[in-house]
Amino acid sequence: MEIIRAIGLKMEAEKEYLTELDQPIGDSDHGINMARGFAAVEGKLPDLEGKDIGTILKTVGMTLVSTVGALPAPVWFGYMKAGMALAGKEEMDMDDFLSMMDTAVQAVEQRGKATVEEATMLDAMVPSLKAMKDAAAEGKSVREALEAGVRAAWAGAEHTKDLVATKGRASYVGERGLGHQDPGATSYSYMLEVIAGLV
Ligand code: ADP
Ligand code: MG
């Protein structure tokens, strides 16, 4: 709950920057979408007090879909699918977190019909998940694993500048998108950074 509230604050704080990133390659609404979605989520939090993690994430996903209905639907479905996988759980350990992220990546890939190297949020999500899995397998602490994930996410977001988008609105601008960082990969990196800062 605390994490979701903090993500909402971060999205509000970075609203203008994310929207600026969406300007040259999209329709200048990514920051507004994220902030509006999480503001609606904030309103649902009181009802979620004491509920299991699965219910919380599912509600977050459904609230985001209903307030920011349009694309990028993949991210919202990621939350919902992740929620279903954690139904009944009251607490989450690193294994749960990694399997939640696995589910989220798969949901985004399926719903978005996208894969890495297409200049979407997946270019941050996939390498960060790999870095976190590797760190966990090496016996690193949860904090270290998350920090490795955050570094990989930002490197991935940075790498989207070198990619020509083939999915989503950014695909309409083709090669003119080169040099621009993907807003979705950026907002994902912020989300993970918030999570890492709270554990
Ligand atoms: P919209 O594209 O409807 O304006 P936003 O601006 O809020 O929505 O979000 C754009 C972000 O969504 C992109 O930066 C990209 O990361 C992500 N995205 C767009 N299309 C896809 C897709 N098909 N698969 C995965 N992610 C996508
Ligand atoms: Mg947009």
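The values are calculated or read from the model by the stated rules, or taken from the named source; none is laboratory data. Every value quoted in this text rests on a predicted model; they were computed, and no experiment measured them. Reconstructed Cβ throughout: ideal geometry from the backbone, glycine too, with neighbour counts over all protein chains shown.
Run down Gly83, Gly78 and say which single residue is buried (at least 20 other Cβ atoms within 10 Å of the Cβ), modelled with pLDDT under 85 and within 13 Å of the chain's Cα centre (by Cα).
None of the others qualify; the one that does is Gly78.
Can you list residue pairs whose Cβ atoms sit under 7 Å apart, with the first residue in the range 11-33 being small (Gly, Ala, Ser) and the second being in a loop (DSSP other than H, G, I, E, B)? Count only pairs 6 or more apart in sequence or on different chains. Between residues of the range 11-33 that are small (Gly, Ala, Ser) and residues that are in a loop (DSSP other than H, G, I, E, B), the close pairs are Gly31/Glu14.
Listed here are the residues, each with its yes/no results for (1) aromatic (Phe, Trp, Tyr); (2) in contact (Cβ under 8 Å) with a residue 12 or more places away in the chain; (3) within 23 Å of Arg5 (Cβ to Cβ).
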{"residue": "Leu86", "(1), (2), (3)": "no, yes, yes"}
{"residue": "Met100", "(1), (2), (3)": "no, yes, yes"}
{"residue": "Ala136", "(1), (2), (3)": "no, yes, no"}
{"residue": "Tyr190", "(1), (2), (3)": "yes, yes, yes"}
{"residue": "Val194", "(1), (2), (3)": "no, yes, yes"}
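Please work out if Ile4 is closer than 20 Å to Val199 by Cα and surrounded by 15 or more Cβ atoms within 10 Å (Cβ to Cβ). When the stated conditions are applied, Ile4 passes them.
Among the residues of the range 103-119, the ones that are part of a loop (DSSP other than H, G, I, E, B), at pLDDT below 95 and either surrounded by 23 or more Cβ atoms within 10 Å (Cβ to Cβ) or within 12 Å of the chain's Cα centre (by Cα) (or both) come to 0 in all. Restricted to the range 38-65, and to residues there that are surrounded by fewer than 23 Cβ atoms within 10 Å (Cβ to Cβ) and within 19 Å of Pro183 (Cβ to Cβ), the residue that is farthest from ligand 1 (Cβ to nearest atom) is Ala39.
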